[in-house]
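The values are calculated or read from the model by the stated rules, or taken from the named source; none is laboratory data. Keep in mind that this is a model prediction, so the values were computed, not measured. Glycine gets a Cβ as well: all are built from the backbone with ideal geometry, and neighbour counts include every protein chain shown.
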Amino acid sequence: MPEALAPPSPASLRACMSRFATGVTVVTYDGGDGPRGATMNSFTSVSADPPLALISVARRARCHDHLLDRPFCVNVLGAEQEALARQFAGVQGAAEPRWTLGARVPRLLNPLAWVECEPWQLYDGGDHTLVLGRVTDLGHRDGDALTYAWSRFGSAAEAADGIEHLI
Ligand SMILES: Cc1cc2nc3c(=O)[nH]c(=O)nc-3n(C[C@H](O)[C@H](O)[C@H](O)COP(=O)(O)O)c2cc1C
């Protein structure tokens with residue numbers, strides 16, 4: 001048996017992971033007493049058939065228990081929507097969210113893209129729960145994307161041509 005390696009320090013883990021650039025989303029849901037949301041960058045497209053997408057939800061987050069058993073909407077933010085990312089990461093007063101009602105769940109008004117899901121499968125993710133959602137509705141608009149890398153917000157310009165044919 002190979003010797004067990006020491007786990008990486010939280011600081012080195014953070015330094016490594018922060019070099020992986022992502023988009024930024026706000027995952028919205030019906031909190032029972034009104035619409036709620038939480039900023040998340042762990043969003044990943046998983047499968048086309050059936051259409052599946054993944055989010056990783058911290059067990060300590062207020063949204064955690066709500067996202068295990070009800071529809072939710074992943075709102076992909078545009079470059080000009082950084083204040084919403086801060087608001088839903090706990091910075092009260094950063095932005096005044098405007099809401100609309102999707103097919104089954106409240107979502108933000110005018111995100112760059114939105115993906116409505118219902119929980120399909122849950123997995124243990126340590127101090128997170130991995131929620132694999134089945135996509136039930138979606139939409140998008142034109143515009144630049146809000147990004148997160150090096151623990152900073154940034155933007156990625158809308159591209160005219162992609163490399164979809166390589167994937
Ligand atoms: C850029 C960014 C990305 C984040 N990604 C996640 C994530 O993927 N999953 C998660 O559980 N929390 C993530 N967070 C932290 C939550 O947004 C934060 O804990 C929030 O306060 C949770 O709200 P709630 O406790 O009201 O549910 C992220 C925060 C930021 C700023």
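For region 150-167, the set of residues classified as at pLDDT below 95 and more than 27 Å from residue 121 (Cα to Cα) consists of 158, 159, 160, 161, 162, 163, 164, 165, 166, listed by residue number. Only one of the numbered conditions (1) farther than 30 Å from residue 144 by Cβ; (2) surrounded by fewer than 12 Cβ atoms within 10 Å (Cβ to Cβ) is not met by residue 64, and that is (2). A single entry from 78, 143 fulfils the requirement of being touching an Asp or Glu at 6+ places or on another chain (Cβ under 9 Å) and at positive phi: 143. For region 67-77, the set of residues classified as crowded, with 16+ Cβ neighbours inside 10 Å and either within 13 Å of the ligand (Cβ to nearest atom) or among the β-branched types (Val, Ile, Thr) (or both) consists of 67, 72, 74, 75, 76, 77, listed by residue number.
Applying the condition of being buried (at least 16 other Cβ atoms within 10 Å of the Cβ) and either modelled with pLDDT under 95 or not hydrophobic (A, V, I, L, M, F, W, C) (or both) to region 138-149 and asking which residue is nearest to residue 23 (Cα to Cα) yields 147. Within region 41-61, being farther than 17 Å from residue 122 by Cα and without any contact (Cβ under 8 Å) to a residue 40 or more places away in the chain holds for 48, 49. For region 6-33, the set of residues classified as away from the ligand (no atom under 13 Å from the Cβ) and farther than 23 Å from residue 64 by Cβ consists of 6, 7, 8, 9, 11, 12, 15, 16, 19, listed by residue number. For region 44-63, what are the residues that are of a type outside the set (S, T, N, Q) and within 7 Å of the ligand (Cβ to nearest atom)? The answer is 55, 57, 58, 61, 62, 63. Can you confirm whether residue 83 is of a type in the set (Gly, Ala, Ser), more than 10 Å from the ligand (Cβ to nearest atom), touching a Gly at 6+ places or on another chain (Cβ under 9 Å) and modelled with pLDDT of 95 or more? Answer is no for this residue. Just a yes or no: is a residue in region 52-67 farther than 26 Å from residue 156 by Cα and touching an Asp or Glu at 6+ places or on another chain (Cβ under 6 Å)? Checked against the condition, which is being farther than 26 Å from residue 156 by Cα and touching an Asp or Glu at 6+ places or on another chain (Cβ under 6 Å), region 52-67 yields at least one hit. Checking each residue in region 102-144 for being part of a loop (DSSP other than H, G, I, E, B) and over 20 Å from residue 34 (Cα atoms) picks out 112, 126, 127, 141, 142, 143, 144. Checking 131, 105, 135, 115 one by one, the residue that is more than 16 Å from the ligand (Cβ to nearest atom), surrounded by 10 or more Cβ atoms within 10 Å (Cβ to Cβ) and within 17 Å of the chain's Cα centre (by Cα) is 135 and no other.
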